[in-house]
Amino acid sequence: MSEYVDEVLDATSQPATGFPRLQVIDEDKQFSTDVNSYLSTVGLLNNGLNYHLISVFGSQSTGKSTLLNALFGTKFDVMDESARKQTTKGIWMSRAKQDSILIMDVEGTDGRERGEDQDFERKAALFALSTSEVLIINIWEHQVGLYQGANMGLLKTVFEVNISLFSSPNKSLLLFVIRDHIGVTPLDNLAATLTADLKRIWESLIKPPELAESSITDFFTLQFTTLPHKILQPEKFISAVDELGNRFISDAKDENYVFSPKFHRNVPADGWSIYAKSIWEQIELNKDLDLPTQQILVARFRCEEIAAQAWDTFENDIKPVEGMLGVVEGLGSILRPARANALELYDSQASRYTTSVCEGKKRELIEKIDLRLSQVYGAQIATLKKVALQKFSADVTAELAKPKYKFLEAVSTAKSETIKIFETAAAEALIEGTSLSYSKDLSVLSSEIEDSVARLREAEAKRLATRITRAVSSELDDSLPSIFKTPREDMWDRVMLNFREIVATALAKYEVTDGETGTLKYDFGLGGLPEEVSSEMEQVLMDTWKELYRKIREFCRMDAILARLREVFEDKFKYDEKGVPRVWKPSDNIDDFYTVALNETLAFIPVMTSARLANGDRVAPDSAIVPALERDEEIDVEKYAVFMSQSQAEELRQSFKRIADSLYIDAKRSTIQSIRQ
Ligand code: GDP
Ligand code: MG
C-alpha cells in the first residue's frame with residue numbers, strides 16, 4: 001500500500017517516469033484492495049472492455065522484468081547484478097506505455113528446493129494463465145528441449161490444474177520469448193522443438209473425459225520469437241524488442257498481432273478487481289472454479305453496485321420535490337429526467353456485463369424507481385384534487401355572488417375549468433413507459449364535484465323557495481285584509497282563489513311544457529334530475545301553504561276576530577241602511593235593532609273560527625302536497641282550517657256579547673240624555 005501510494009505521488013509529480021505499479025498480490029498472498037483506485041489512477045477504470053492484460057511466466061532471473069520494462073516501458077524491479085539480492089515476492093501490475101495494456105510481473109524465488117515457494121510459483125502462474133489474454137513464456141535458448149530447465153515441468157502442472165479447476169478453460173495466447181538467441185539454430189527449429197514438447201505435455205495431462213480428445217491448440221494459440229543477448233548485443237536486443245513491440249499495437253498491422261477478442265475475459269475494467277480477486281481466492285482454496293460462473297458473480301456484484309449508484313442519483317434528483325408542499329409546478333420535468341438519467345447511468349456502466357444479469361438488475365431498478373415515482377405522483381394527484389375542489393367551490397361562490405348570475409352556467413363553467421386544470425397538471429407529470437395514470441382520480445374528482453353541485457343546487461333551490469315564498473307572503477299581506485274586512489259566506493272561497501292566483505303568478509316564470517306529455521310543469525332551471533326538480537317544487541309549494549297557514553291564523557286571532565265582529569256589529573247597529581249614523585230617539589225600538597244586529601253578527605263566528613268554502617268543504621292544502629307537509633311537521637295539517645276550539649269559540653261569543661251589550665247600554669243612555677235636554 002505505502003509503496004503504491006509513493007509510486008502514485010511519484011507518477012503525479014514526475015509523469016515522465018511512466019506509470020506507477022501496484023502489488024496486486026503481496027508476499028502474504030493477500031489480494032490488494034487498491035486495484036480499482038490503481039486502475040483509476042492510470043486512467044483505465046472506466047474503459048469497460050477496452051483494455052488488455054498480459055502476464056509473464058518463467059524461471060527466476062531469466063530477465064523477465066528486464067524484458068517487460070524494455071517492451072512496455074514499465075518499471076518493474078530488476079535484480080541488481082552487483083548485489084544479487086532477491087526482489088520482493090508477489091505479483092505486480094503496471095499499465096504499459098502502449099494503449100490500454102496492463103502487464104503483470106511475477107516475482108518469486110528460484111525455490112525449487114523449498115516446497116512453500118513452489119506453491120506460490122505455481123499459484124502465481126495459474127493466476128497469470130487464468131486472467132491473462134497473453135502469457136509471455138520467457139526461456140533461455142539453451143534451455144529449449146530441456147524438460148527441467150525450460151520450466152516445462154511447471155507449465156505441465158499449471159496446465160493440469162487449469163484444466164481441473166476451470167470447467168471451461170479460457171483461451172490464451174502463449175508467446176515464447178527465447179532469450180540469448182545466438183542465431184545458429186533458426187527460430188523455426190526452436191519453435192518446432194517447443195511445439196512438440198508442448199503437445200507431449202498436453203497428451204500426458206490427466207484430463208477430464210470431455211477434454212480427452214482435445215489438443216493444446218484448442219485452448220492456446222502459440223507464438224514464438226527470439227531475442228539477442230541483452231548485454232552482449234545491446235543494440236540488436238533493443239531493435240528486436242522494438243520489433244516485438246509491434247505485435248502489441250493494432251495500428252502497427254503486425255501479422256502476429258496478439259490480441260484477439262477470443263482471448264478477452266470480457267470482464268469490464270471496473271469489475272476486474274472483483275473478478276481477479278475471486279479467481280485468486282479460488283486458486284488459494286484450490287476449489288473448483290467455473291469461469292463463466294465467476295463472470296456472472298462479478299456481473300451480479302457490479303450491476304448491483306451500479307444500480308445502487310443509479311438509485312442514489314435518482315433519489316438525489318427527486319429530493320427537492322419531497323420537501324415541497326402543495327402542488328409541485330412542473331413535477332414531470334423533474335421526475336422524467338430523474339428516471340431517464342438514472343437508467344442511462346445504469347445502462348452506460350452495466351451493459352458491459354453479462355446481458356441476462358444486467359437486464360435482470362435493470363428490471364429491479366426500474367421497479368424500485370417506478371414505485372417511488374408512483375408514490376410521488378400519487379401525492380401530487382391527491383393534492384391537485386384537493387386544490388381543484390377548493391377552486392371549484394371558490395369559483396362557483398364568486399359567480400353566484402354576482403347580481404344576475406345564471407346558476408347552471410356558473411356551475412358548468414366552473415366544473416369544466418376545474419377538470420381542465422386538473423387534467424393538464426396531472427398529464428404534465430405523467431412519464432412514458434410507466435404505469436402512472438390519473439384516470440381513476442379524474443372520475444373520483446368528477447363525482448366529488450357532482451356531489452358539490454348537488455349541495456349547491458339544494459341551497460339554490462332553498463334560496464329560490466325563500467324568495468318565492470316572500471313574494472307570495474307580501475302579496476297575501478296586500479290582498480287578504482280587504483277580504484277579511486267584511487266576513488261573508490264566500491269569504492274563504494275568495495281567500496283561496498286569491499292565494500292560488502298569487503302562487504301561480506309567482507311561479508309563472510318557472511313554468512315549462514313537458515316535451516313528451518305536453519303538460520305544464522315547473523322547473524327552476526338548476527339542472528337537477530327529474531326527481532330533484534319535483535322535490536324542489538314540492539318544497540316551494542309547501543312553503544307557500546305554510547305561509548298561508550300563518551297568515552290566516554293571524555287574521556283569525558281571538559282579539560282580531562273580536563275587533564272585526566265589533567266593527568260588523570257597530571255597522572249594523574249604529575248606522576242605517578244608507579250608512580248614516582243613527583241618533584237614537586225615544587220612539588226608536590232600540591231592542592229590536594240590537595237583536596237583529598247581534599244575531600247577524602253572531603252568524604259570522606263560525607266563518608271566523610274555522611275556514612269552510614261556500615259548498616261546505618273544509619279549506620285544506622292540495623292533496624298532492626299533504627304528505628310532504630305531514631312529513632315536515634311544522635304545521636298541523638289536520639287542523640289547517642280550524643283556528644279555535646269549541647270552548648274558545650264560546651269564550652269569543654261571550655266576549656263579543658259583552659261588547660255588544662255595552663254598545664246597547666250606551667245607546668239607551670243617549671236617548672235618556674236627549675230626553676233630559
Ligand atoms: P527476472 O527475475 O526474470 O525478472 O530477471 P531480471 O529482469 O530481474 O534480470 C535478472 C538478471 O538478468 C539481471 O541481472 C539482468 O541484468 C540480467 N539480464 C537481463 N536481460 C538479460 C539478457 O537478455 N541476457 C542475459 N544473459 N541476462 C540478462
Ligand atoms: Mg523480475
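Which GluC sites (Glu not before Pro) in region 595-639 pass both tests, a DSSP loop state and at most 12 other beta-carbon atoms within 10 Å?
Numbers: sites: GLU600, GLU630, GLU633, GLU634, GLU638; in loops: GLU633, GLU634, GLU638.
Listed in order of number, the matching sites are GLU633, GLU634, GLU638.
How big is the antiparallel share of DSSP beta bridges in the chain, given as a percent to the nearest 5? The answer is about 40 percent antiparallel.
Using a Förster distance of 51 Å, how high is the FRET efficiency between ASP347 and ILE206, based on the Cβ-Cβ distance and rounded to 0.05? So the FRET efficiency works out to roughly 0.70. One Cα centroid belongs to region 605-676, the other to region 380-418; the line between them spans 54 Å. The alpha-carbon of LYS578 sits under 26 angstrom from the alpha-carbons of these lysines, leaving out residues fewer than 8 places away in its chain: LYS485, LYS657, LYS668.
Using every pair of separate Cα atoms, the Kirkwood estimate puts the hydrodynamic radius of region 334-387 at 12.5 angstrom.
Treating only the Cα positions of the chain as identical point scatterers, give the base-10 log of I(q)/I(0) from the Debye formula at each q in 0.10 Å⁻¹. Treating every Cα as an identical point scatterer, log10 I(q)/I(0) equals -1.00.
What translational diffusion coefficient, to the nearest whole µm²/s, does region 457-555 have by Stokes-Einstein, given a Kirkwood radius computed over alpha-carbon pairs, a temperature of 20 °C and 1.002 mPa s viscosity?
Details: Rh = 14.6 Å.
The diffusion coefficient I find is 147 µm²/s.
Using a Förster distance of 35 angstrom, determine the FRET efficiency expected from the C-beta separation of SER647 and LEU529, and round it to 0.05.
On the way: r = 50 Å, r/R0 = 1.43.
Efficiency for this residue pair is about 0.10.
Once the Cα-Cα distance is subtracted from the 0.36 nm per residue extended length, the GLU554 to ARG500 segment shows a gain of 17.5 nm. Non-local lysine pairs in region 269-366, meaning eight or more places apart or on different chains, with alpha-carbon distances under 27 Å, amount to 5.
Take the Cβ-Cβ distance between SER482 and ALA603 as r, set R0 to 25 Å, and report the resulting FRET efficiency rounded to the nearest 0.05.
On the way: r = 21 Å, r/R0 = 0.83.
Given R0 = 25 Å and the Cβ-Cβ separation, E is 0.75.
Legend: distances between Cα atoms for LYS123/LYS230; LYS406/LYS509; LYS123/LYS207; LYS75/LYS199; pairs beyond 24 Å are LYS123/LYS230; LYS75/LYS199. The alpha-carbon of LYS385 sits under 19 angstrom from the alpha-carbons of these aspartates and glutamates, leaving out residues fewer than 8 places away in its chain: GLU322, GLU329, ASP395, GLU417, GLU423, GLU428, ASP441, GLU448, GLU450, ASP451. A full extension of the chain between ILE421 and ARG467 corresponds to an added length of 13.0 nm, given 0.36 nm per residue minus the alpha carbon distance. Distance between the pseudo-spin-label points of THR221 and ASP312 (7 Å out from Cα toward the beta carbon): 4.0 nm.
Checking the cross-link pairs LYS368/LYS415; LYS89/LYS156; LYS402/LYS462; LYS156/LYS253 against a 27 Å limit on the alpha carbon distance flags LYS368/LYS415; LYS156/LYS253 as lying beyond it. Across the chain, the longest run free of exposed loop sites, meaning trypsin sites (Lys or Arg not before Pro) lying outside DSSP classes H, G, I, E and B with no more than 10 other Cβ atoms within 10 Å, spans 405-577.
Run the numbers for LEU430 and GLU458: contour at 0.36 nm per residue of separation, minus the present Cα-Cα distance, in nm. Before the final figure, lay out the partial values.
Values: separation 28, 0.36 × 28 = 10.08 nm, distance 3.73 nm.
Answer, rounded to one decimal: 6.3 nm.
Using a Debye calculation, one point per C-alpha and no hydration shell, please list log10 I(q)/I(0) for region 291-437 at q = 0.08, 0.09 Å⁻¹ in order. Once normalised to I(0) and log-transformed, intensities are -0.36, -0.43. Contact order for the chain, expressed relative to its length and based on alpha carbon pairs under 8 Å spaced 6+ residues apart, stands at 8 percent.
Read-outs throughout are calculated quantities, based only on the coordinates presented, and are distinct from any laboratory measurement. Predicted model, so just to flag it, every value in this text is computed and none were measured. FYI the Cβ positions are ideal-geometry reconstructions off the backbone, even for glycines, and counts take in every protein chain you see.
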